[in-house]
Amino acid sequence: MIQRIQSIYLLLAAICSLLSFYVDFASWGNPHAMGINACKVWSADDAATLGHPWGIMVFTFLSMGIALKAIFSYKNRRAQMKMTKAVIWLVLFNYIAIGAYTYTYFTRLSGGTLLDIRPGIAFPLLTAIFAFLAYRGIRRDDELVRSADRI
């Protein structure tokens with residue numbers, strides 16, 4: 001049911017998760033010679049993929065998939081609220097994974113350069129914000145239906 005505002009919020013959360021696959025979270029080296037995003041750790045010097053951060057990939061994919069599933073489970077508001085809470089927790093775990101992978105690859109490959117945090121690091125946060133707004137909308141709908149049932 002796309003008319004409900006929480007469906008729009010959940011769709012925006014899924015889109016932000018999808019964009020996390022394409023933007024860089026961090027880069028380092030002389031002008032951004034290496035970087036990390038949700039799919040790979042890359043190097044511009046030899047145009048190669050240095051590794052795949054599977055933890056980031058899994059948490060990002062799960063948060064996107066659960067947000068999309070929550071859109072279509074609009075008839076079961078309790079399950080929808082649990083799914084939006086799960087998306088928020090997955091984003092938290094995603095940030096922990098981003099920090100761990102970035103620290104690991106940066107310390108191994110940096111060569112004494114500075115770490116540059118890229119604007120793409122905000123997309124998981126936007127996913128959590130939109131999931132929280134969706135949760136509030138779902139809870140408000142649930143309270144409205146419960147108050148109407150009492151009458």
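The values are calculated or read from the model by the stated rules, or taken from the named source; none is laboratory data. Fair warning: this is a prediction, and the values are worked out from it, not measured in the lab. Here the Cβ positions follow ideal geometry from the backbone for every residue, glycine too, while neighbour counts run over all protein chains shown. Surface areas here come from the heavy atoms of the whole protein model, side chains and all, with no ligands, DNA or RNA. Shrake-Rupley method; radii C 1.70, N 1.55, O 1.52, S 1.80 Å.
Computing the accessible area with a 1.4 Å probe over protein heavy atoms, can you report the carbon and sulfur percentage for the chain?
Carbon and sulfur atoms account for 67 percent of the accessible area of the chain.
Rounded to the nearest 0.05, the FRET efficiency derived from the C-beta distance between R140 and F93 at R0 = 25 Å is 0.40. Magnitude of the charge dipole for segment 49-151, about its Cα centre and with charges confined to Cβ atoms of Lys, Arg (+1) and Asp, Glu (-1), is about 400 debye.
Kindly provide the trypsin sites (Lys or Arg not before Pro) of segment 51-133 that DSSP labels as loop, not H, G, I, E or B, and whose Cβ sees at most 14 other Cβ atoms within 10 Å. Filter output for segment 51-133: K75.
Tell me, what is the per residue accessible area of segment 45-151 in Å², probe radius 1.4 Å?
62 Å²
With a Förster radius of 41 Å applied to the C-beta separation of L115 and A148, the computed FRET efficiency comes to 0.15. Among the protein heavy atoms, those of L114 account for about 150 Å² of accessible surface (1.4 Å probe, every chain in place).
Working from Cα pairs under 8 Å separated by at least six residues, relative contact order for the chain is 34 percent.
Solvent-accessible area of M57, all protein chains in place: 40 Å² (probe radius 1.4 Å, heavy atoms, ligands and nucleic acids excluded).
Net charge dipole, segment 1-117: roughly 980 debye, given to the nearest 20, about the Cα centre with Cβ charges of +1 for Lys and Arg and -1 for Asp and Glu.
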